[in-house]
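Values in this text are rule-based calculations from the coordinates and carry no lab data. Just so it is clear, the model here is predicted, and its values are computed rather than measured. So basically every Cβ, Gly included, is an ideal-geometry build from the backbone, and we count neighbours across all protein chains shown.
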Amino acid sequence: MTASSLVLAISFLPFFEAKNTVVNNIVNPSPSYEAKEIDCKKPDLLTREKCPACKASGIIVLEEQNFGQFNSYRLERPKKIRQKCPFCNGRRYIEAFYNPTELKLLVARERLKFESDHQAKGEVPVGEAFIPKDAYDKLDRKTVKLLKEAYGEPCRSCHWLGITPCRECDGNGYVNCPNSDCKGGWSVTKTESSYTKTSSGGGLSGGSYNRSGSSRRVTRKKTNVNVQPCPECLGVSKIICPDCNGKRALPCKKCNALGTK
Ligand SMILES: [Zn+2]
Ligand SMILES: [Zn+2]
Ligand SMILES: [Zn+2]
Ligand SMILES: [Zn+2]
């Protein structure tokens, strides 16, 4: 998702403005609404996205590559397996947070817009809130403190977002398959087997003339290449991040996902 489509999808401005309305309602109670009714919820940061594993097809097609298993004689043809995508479970879309890096930029940009809009109206900051200049001049210290608390400060860890990017997957939602034998979704293992071959020596035919020691026993080694769909990633070569469960971000621990402190 590009930054511009994210801007269209969600906005933090109503959240910043709603909080500001609550603060201004304390300064100058308005009979037209009650503070309780003001919706100060952050925008929903979860979105439905195309599954990155199957490109929203719902299926994974696994075509067996040659890892050396075709060199020995073999009667079967390369395997081709069609299966339900293990990432989205065939649903084609996954639920994840918007790209955490883009969200960070968005919230910073909108916070700046909120501040400049209110400064342009000649309002003055009280903590993170803005109130009219004449109202500010009448405030005592105790009320100023109350107003600051009513708006809240941005959480230092998540800056209003309430989520932090998952470190385990760098905000991707998936990690490389942990199976060290996994090659592009196929589990490739090699086993060595040895076998003993007896070859009869000497030029004479007929068992009775065969001197003891003339038949040689030779031990040979054979490498078997075993190829099967990787049991860890089921052919995707990546697995859903175990930390964020594919959601790319996690609720911020510092602020209990509130975004403020
Ligand atoms: Zn999928
Ligand atoms: Zn936080
Ligand atoms: Zn794998
Ligand atoms: Zn993760």
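Summary of values
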read-out: Tensor-based shape of region 104-150 (alpha-carbon gyration tensor, a/c under 1.5 rounded, otherwise prolate or oblate); value: oblate
read-out: Size of electric dipole in the chain: Cβ of Lys, Arg +1 and of Asp, Glu -1, about Cα centre, debye, nearest 20; value: 1940
read-out: Segment Ser11-Lys113, extension gain: residue separation times 0.36 nm, minus the distance between their alpha carbons; value: 35.6 nm
read-out: Least to most buried among Ser199, Ser157 (fewest other Cβ within 10 Å first); value: Ser199, Ser157
read-out: Over the chain, relative contact order from alpha-carbon pairs under 8 Å, at least 6 apart, %; value: 22
read-out: Acute angle (nearest 10 degrees) that the helix 100-120 long axis makes with the longest principal axis of the chain, alpha-carbon atoms; value: 10
read-out: Local electrostatic count, Ala18, Cβ distance below 9 Å [Lys/Arg +1, Asp/Glu -1]; value: 0
read-out: Rounded tilt (10° steps) of 13-27 against the dominant C-alpha axis of the chain; value: 30
read-out: Spherically averaged projected area of the chain from its Cα convex hull (nm²); value: 22.7
read-out: Calculated [θ] (222 nm, deg cm²/dmol) that DSSP helices of n ≥ 4 give over the chain, each run adding -39,500 (n - 2.57); value: -7000 deg cm²/dmol
read-out: Computed over region 115-176: relative contact order in percent, which uses C-alpha pairs under 8 Å that are six or more apart; value: 22
read-out: Extended-chain gain in nm, criterion 0.36 nm per residue less alpha-carbon gap, Lys261 and Arg141; value: 41.2 nm
read-out: Violating pairs (Cα-Cα greater than 29 angstrom) within the set Lys148/Lys254; Lys121/Lys253; Lys80/Lys190; Lys19/Lys253; Lys183/Lys253; Lys19/Lys138; value: Lys121/Lys253; Lys183/Lys253
read-out: Computed FRET value (nearest 0.05) for Lys253 with Ile81, which takes r as the C-beta separation and R₀ as 35 Å; value: 0.30
read-out: Helix 141-151 axis, angle to the chain major axis (alpha carbon atoms, nearest 10°); value: 40
